[in-house]
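Note sheet for the following structure.
The values are calculated or read from the model by the stated rules, or taken from the named source; none is laboratory data. These figures come from a predicted structure and were not determined experimentally. Ideal geometry is used to build each Cβ from the backbone, glycine not excepted, and the neighbour counts take in all protein chains shown. Side chains are part of the model used for accessible areas, which takes the heavy atoms of the whole protein and leaves out ligands, DNA and RNA. Shrake-Rupley method; radii C 1.70, N 1.55, O 1.52, S 1.80 Å.
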Amino acid sequence: MSPLEVSPVVLVIDDDEPFRERLVRAFGRKGFTAHGAESAKQALERAAELRPGYAVIDLRLTDGSGLDLVRDLKAMDARTTMVVLTGYGSIATAVEAVRRGATHYLSKPADVDDILLAFAGATLPAGEAASLEHQVPSLARAEWEHIQRVLADCGGNISQAARLLRIQRRSLQRKLSKHPVRQ
């Protein structure tokens, strides 16, 4: 890279420090100037200072929602390309993330190559962007994601989640003991 070229700036916002730092290092190896933030508050401060062209945002942060952060970052600079990451994916939150300004929505674990592909989808011509393969989750995967979201909303309380899901606690425990279903 010549001295006149400026490497793109990416801001990685995630409260999971090892994951955040791993992504920051990986983006650095891919030619980005990468910075991390552990909270929505810190992300807004860093974004005002750095004016990143790209942002990777965890859906659930300790001090707020990644969805609110998407809206706030978009208001700060509409050109910022954002990808929302979550371990509790659902169609409703994916739609809301895109509605608020995110380019893409990915389930964890996502690596830097997945995120770069999502960033690239934002800059492709309309025909090429539409041709990117989109996988519809299986019914089992959608059920697993729904259970995870309800459980997270209940703060991990299995009894309360079972009541909301209208299944027996034991049945919910059996479903939770299985590994996540692949797409």
Item to complete: Check region 20-29 and report whether any residue there is in contact with an Asp or Glu (Cβ under 8 Å, 6 or more places away or on another chain), more than 30 Å from residue 147 (Cβ to Cβ) and modelled with pLDDT under 95.
Response: yes
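Could you list, in sequence order, the residues of region 58-96 that are in a helix (DSSP H, G or I) and closer than 21 Å to residue 48 by Cα?
First, pick out the residues of region 58-96 that are in a helix (DSSP H, G or I): 66-76, 91-96.
Scanning region 58-96 gives 66, 67, 68, 69, 70, 71, 72, 73, 74, 75, 76.
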Worksheet entry | Subset tally (residues that are touching a helix residue (DSSP H, G or I) at 6+ places or on another chain (Cβ under 7 Å), at pLDDT 90 or above and not charged (D, E, K, R)) for region 70-101 | 8
Discussion item. Any residue that is on the phi > 0 side of the Ramachandran plot and open to solvent by 20 Å² or more (accessible area, probe 1.4 Å) - is there at least one of those in region 9-32?
Written reply: yes
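Could you list, in sequence order, the residues of region 72-116 that are of a type in the set (Lys, Arg) and either over 15 Å from residue 11 (Cα atoms) or open to solvent by less than 40 Å² (accessible area, probe 1.4 Å) (or both)?
Restricting attention to region 72-116, the residues satisfying the condition of being of a type in the set (Lys, Arg) are 74, 79, 99-100, 108.
Passing the criteria: 99, 100, 108.
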Item to complete: Answer yes if at least one residue in region 130-148 is open to solvent by 20 Å² or more (accessible area, probe 1.4 Å), among the basic types (Lys, Arg) and modelled with pLDDT under 75, and no otherwise.
Response: yes
Worksheet item: If residue 47 passes every condition in (1) within 17 Å of residue 106 (Cα to Cα); (2) without any contact (Cβ under 8 Å) to a residue 40 or more places away in the chain but one, which one does it miss?
Response: (1)
